[in-house]
Amino acid sequence: MDILKSRRHKARSMDEQLIPLINIVFLLLIFFMIAGQIRQSQNQHIVPPESKSEKPLVRPQVLVEMDSDLKISLNGESVALDSLPESLSLLPDVQHQSVAVKADHTIHAQDIDELFNVLREQGITHITLYSKRGV
């Protein structure tokens, strides 16, 4: 009988020793959930052109990206230029939102102008073109 009691006592003792470890793991999980910054992933292959403007950027509600291969993404999801009007119309109240365009610095102006025309046709009047600060 004493052997069974000692085994139960050892098992309970080992379980009780794990409780502080479990508490620490959960506290770390909660800390990183609160302290971590969740933001939309952006296409790292797009290098915006340089700018000499010191005006700060207003955070956009809609992001349109165009890479060097002229591939377009709307809020991180790939979309063709032809189907961009449909995708924009699915967004709520897009005409009154700030739309940011992040285009690669190697793209020609006429390609960006085609994108701007599509945005204007959808009634979007506030368009911001991303650029990186010049040296």
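Please find, among D104, D82, D113, the residue that is under 25 Å from H45 (Cβ atoms), of a type in the set (D, E, K, R) and touching a strand residue (DSSP E or B) at 6+ places or on another chain (Cβ under 7 Å).
D104
Among the residues that make up the range 63-71, is at least one of them of a type in the set (G, A, S) and either at pLDDT below 75 or not in a loop (DSSP other than H, G, I, E, B) (or both)?
no
List the pairs whose first member sits in the range 59-79 and is farther than 10 Å from V99 by Cβ, whose second member is in a strand (DSSP E or B) and of a type in the set (S, T, Y), and whose Cβ atoms are under 7 Å apart, counting only residues at least 6 apart or on separate chains?
Qualifying pairs under 7 Å: E65/S73; K71/S78; V79/S73.
For the range 82-96, name all the residues that are surrounded by 15 or more Cβ atoms within 10 Å (Cβ to Cβ) and touching a residue at least 24 places away in the same chain (Cβ under 8 Å).
Answer for the range 82-96, where residues must be surrounded by 15 or more Cβ atoms within 10 Å (Cβ to Cβ) and touching a residue at least 24 places away in the same chain (Cβ under 8 Å): L84, L88, L91, V94.
Can you tell me which condition N43 does not meet? The list is (1) assigned to a loop (DSSP other than H, G, I, E, B); (2) modelled with pLDDT of 70 or more, and all the others hold.
(2)
Consider the range 77-135. How many of its residues are assigned to a strand (DSSP E or B) and either within 12 Å of M66 (Cα to Cα) or in contact with a Phe, Trp or Tyr (Cβ under 6 Å, 6 or more places away or on another chain) (or both)?
8
The values are calculated or read from the model by the stated rules, or taken from the named source; none is laboratory data. Computed from a predicted model, the values in this text were never measured in an experiment. Heads up, the Cβs are rebuilt from the backbone with ideal geometry, glycines too, and the neighbour counts pull from every protein chain shown.
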